[in-house]
Amino acid sequence: MADARVWKLKDAAAGLRPPPRPVWSTGRSALDARLPGGGWPTASLVEVLLGAAGLGEIQLFLPALTQCQRRADGEVPWLVWIAPPHEPFAPALAQQGIELARLLVVRPASATEALWAAEQTLSSGVCAAVLLWLKGTDDRWLRRLKLAAQAGGALGVLFRPEQHRFESSPAALRLLLTAGDEEPHLELLKVQGGRPGPVECAL
Amino acid sequence: MKSRAVTPATADLFAAAADGATAGAAAEASAQRRPAFAAPPPLAAAARSRSKHLWYAAVFAPLTEAQPSAAALQRLCVHAQQFTSLVSMEMPNALLLEINGSVRLFGSLERLHACIDAAWARLKLCAHSAIAPSTLAALWFARSAQCVLIEDPGSLASALAQLPLTCTGWDAERLKILRAMGVTRVGELLRLPRAGLARRFGPAAMLDLDIALGRQAAPRRVFVRRERFRERCDFEAQIDTVAYLLKALEPLVARCARFLRERQAGVQALELRLRHRARPGTRLRLGLASITGEQRRLTDVLVHQLSRLELAAPALSMELVSGPLQPLSAASLEVFAPLRVAGGGDSAPQLVERLRARLGEEAVYGLCSIPEHRPEAAWQRVRELSLEPTRRRIPAQSRMHELPEHGMPRPVWLLDVPVLLAAPPVQPPQPAGLILEQGPERIESGWWDGRDVARDYYIARRTGGARLWVFQERQSKGWYLHGVFA
């Protein structure tokens, strides 16, 4: 019963906190400080709402992606990018330290197939992180993705356009990334176990 | 007492097994039944066991023109495998059988010879056969239609001497030269000085002679029958929904998995054929990410492929055909794989083939980086993914230093085609709405393959925050967007 998801009552009686889930650092101390556990949570879904492409949204997750490939003892886990908006540039990823031999790019024909692929990869248990780009999706599918991420112990990241910010979402963490006057602007919309609000950090 | 009761029965069993395939000879065999195992081996047999190999060669009169001789020979090979497991093809029209191992089973060499000859006669094939201790000698005797049976390698040279040189199958040019020299028989050739012959005709001819005389070993490729799983299932009623097809497919896949398990083999491709009334059949080709014989994985892939299928017409029957069988490697067995993390339970090959089965082969790929200066040519899609679990060998820190040192960082997104930016004529030259932050980095390369580039790359920031990778073409002075830092 040494499962992080099970919290035994006798531990509570003994005054023990539930064991913390492993988290991956965001590489930015200002952002780490605002997130519960001090980094991106594993086994859950993170939703990023984008004002435009190219605001540094990958830079937010790159430290976590390289960490989870590097820190895993033994087998190198897979990273999956589903329906990315452009072609990921292999030399850049290698430059950032990502193990290219363990990167899978999936280009589904439709949004439903993308969601299906995301669910499969998240729950498979061989992927450490799944990045998914979508135009729009319904609440029910997001809930399925969240459950799949919990089952597979993977970090699921969903990128969606900014216009979905007022829709409800089961994601544990919601971020809004928009173009600012000079620098891109990052705001935490929803943090389970934390405080939402804008974050001052260089991207 | 007991052993005596068993021995003749065993001998019978073997005789039956030997003749089982040659059903016509069964009566003859029972008439002159010999207790092959009860009697001590005769002296001749003991002497024979000392000579290592005994080759039976059969040369067929030109096989029918209608069918390609290779296919016909392969079928004859399968037929010949009832006599020995070592059957070898000699193109275009001969077979070589190693029969030393089968002599005891058939009683005597003469009987074995007769049995094999009878097999060709029953197929209505005209064949010449010979038995000799070396492959080429047997072949040459058979080609010259001399039905001989030579067991002693020492007497080979004298027996071969009478053969005409045409039976060697050498090219016409060489035979013509030899005829001009007055040499028409093997014996006359053997009398000539070896060094001169080697100089004149090359080492290949000498090797042939050595092999024929048994001085040189000549390993031969053994014919192995190629196996495939192939089974058809006819439906009692026409099936027009995919769900029923899946149900009908289950026992077929189970049998396929058993077939593979029995042979310790796996497949990487499967084909499902559906037959319709008055309509061409449907063919579904399935690829697996790695060699497997597991029923669960085969079913998984078939189910996903079938769920994408739209039946054009009701199906009458279906047939499951496997690709060529491949030996299972230890890596594809999952016995020693470490226990996986919570949930899931998939392996990477399973995951990839499930994705490919539903999304299509092209939709799932990996990336690799190529040491090239031109950004377009510096990466490639990888279809053949290395799916075996790998352990990190080199610490990531040292790998970082191995990477080519770029002066400037590279963008995460690369556009398929560079987009032309509107650039107002200002001094210093700068694209509209962008602030150049870093650069230039000149990339000038590719003159050798016609896709040469001469560009100055800059990192630019768009007002609002997005960082872009832009370049100015050196000739046209036009500004292009080529990548996005995300």
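For the stretch B:398-444: of the residues being more than 14 Å from every other protein chain (Cβ to nearest Cβ) and in a strand (DSSP E or B), which is modelled with the lowest pLDDT?
B:Gly439
Does B:Ala243 qualify as being free of Cβ contacts under 8 Å to residues at least 24 places away in the same chain and of a type outside the set (Lys, Arg)?
yes
For the stretch B:284-298, name all the residues that are closer than 16 Å to B:Arg230 by Cα and either in contact with a helix residue (DSSP H, G or I) (Cβ under 8 Å, 6 or more places away or on another chain) or part of a helix (DSSP H, G or I) (or both).
Passing the criteria: B:Leu284, B:Leu286, B:Gly293, B:Gln295, B:Leu298.
What are the pairs with Cβ atoms under 6 angstrom where one residue, in the stretch A:166-179, is touching a residue at least 24 places away in the same chain (Cβ under 8 Å) and farther than 15 Å from A:Leu145 by Cα and the other, located anywhere, is crowded, with 19+ Cβ neighbours inside 10 Å and small (Gly, Ala, Ser)? Sequence gap at least six, or different chains.
Short answer, once both residue conditions are applied: A:Thr178/A:Gly51; A:Ala179/A:Gly51; A:Ala179/B:Gly465.
Of all residues in the stretch B:315-360 being assigned to a loop (DSSP other than H, G, I, E, B) and at pLDDT 80 or above, which is nearest to the other protein chains (Cβ to nearest Cβ)?
The extreme case among them is B:Gly360.
Here is a list of conditions, (1) of a type outside the set (Phe, Trp, Tyr); (2) without any contact (Cβ under 8 Å) to a residue 40 or more places away in the chain; (3) farther than 20 Å from B:Ala466 by Cβ, and A:Ala149 meets all of them except one; can you say which number that is?
If we test A:Ala149 against (1) of a type outside the set (Phe, Trp, Tyr); (2) without any contact (Cβ under 8 Å) to a residue 40 or more places away in the chain; (3) farther than 20 Å from B:Ala466 by Cβ, just (2) comes out false.
Taking the condition under 13 Å from the mean Cα position of the chain (by Cα) and either within 19 Å of A:Val105 (Cα to Cα) or away from chain B (no Cβ under 11 Å) (or both), does A:Pro41 pass?
yes
Name the one entry in B:Ala118, B:Ala94, B:Ala172 that is within 24 Å of B:Leu213 (Cα to Cα) and touching a helix residue (DSSP H, G or I) at 6+ places or on another chain (Cβ under 8 Å).
B:Ala94
Where the second residue is among the polar types (S, T, N, Q) and surrounded by 18 or more Cβ atoms within 10 Å (Cβ to Cβ) and the first is facing chain B (nearest Cβ under 7 Å) and lies in the stretch A:73-99, which pairs have Cβ atoms under 6 Å and are six or more apart or on separate chains?
A:Val76/A:Gln69; A:Ala90/B:Ser369; A:Pro91/B:Ser369; A:Ala94/B:Ser369; A:Gly97/A:Thr66
State whether the residues of the stretch B:220-234 include one that is part of a helix (DSSP H, G or I) and more than 29 Å from B:Leu97 (Cα to Cα).
No, the conditions are met nowhere in the stretch B:220-234.
Out of B:Pro251, B:Pro280, I need the residue that is out of contact with any Leu (no Cβ under 9 Å at 6 or more places or on another chain) and either among the β-branched types (Val, Ile, Thr) or assigned to a strand (DSSP E or B) (or both). Which one?
Selected residue: B:Pro280, the only one of B:Pro251, B:Pro280 that is out of contact with any Leu (no Cβ under 9 Å at 6 or more places or on another chain) and either among the β-branched types (Val, Ile, Thr) or assigned to a strand (DSSP E or B) (or both).
Restricting to the stretch A:59-72, and then to whatever is part of a helix (DSSP H, G or I) and free of Cβ contacts under 8 Å to residues at least 60 places away in the same chain, can you tell me which residue is nearest to the other protein chains (Cβ to nearest Cβ)?
The qualifying residue nearest to the other protein chains (Cβ to nearest Cβ) is A:Arg70.
Anything in the stretch B:469-486 that is crowded, with 20+ Cβ neighbours inside 10 Å and free of Cβ contacts under 8 Å to residues at least 60 places away in the same chain? List them, or say none.
Across the stretch B:469-486, the qualifying residues are B:Trp469, B:Val470, B:Phe471, B:Gln472, B:Trp479.
Look through the stretch A:100-137, keep the residues that are more than 18 Å from the chain's Cα centre (by Cα) and not in a helix (DSSP H, G or I), and return whichever of them is surrounded by the most Cβ atoms within 10 Å (Cβ to Cβ).
This residue is A:Pro108.
When you go through (1) surrounded by fewer than 20 Cβ atoms within 10 Å (Cβ to Cβ); (2) modelled with pLDDT of 85 or more one by one for A:Arg71, which number turns out not to apply?
That leaves (2) as the condition not met.
Out of everything in the stretch A:146-199 that is of a type in the set (D, E, K, R) and more than 14 Å from every other protein chain (Cβ to nearest Cβ), what residue ends up being surrounded by the fewest Cβ atoms within 10 Å (Cβ to Cβ)?
Filtering the stretch A:146-199 for residues of a type in the set (D, E, K, R) gives A:146, A:160, A:162, A:165, A:167, A:174, A:181-183, A:187, A:190, A:195.
Still in the running and more than 14 Å from every other protein chain (Cβ to nearest Cβ): A:160, A:165, A:167, A:174, A:190, A:195.
On the way: A:Arg160: 22, A:Arg165: 16, A:Glu167: 13, A:Arg174: 23, A:Lys190: 16, A:Arg195: 8.
Here the answer is A:Arg195.
Quick one: what pairs do we get from the stretch A:105-133, first residue away from every other protein chain (no Cβ under 11 Å) and farther than 21 Å from A:Thr42 by Cα, second of a type outside the set (Gly, Ala, Ser) and surrounded by fewer than 24 Cβ atoms within 10 Å (Cβ to Cβ), C-beta under 8 Å, 6+ apart or different chains?
A:Ala111/A:Leu134; A:Ala111/A:Lys135; A:Ala111/A:Thr137
The values are calculated or read from the model by the stated rules, or taken from the named source; none is laboratory data. Source: prediction; values computed, not measured. Glycine gets a Cβ as well: all are built from the backbone with ideal geometry, and neighbour counts include every protein chain shown.
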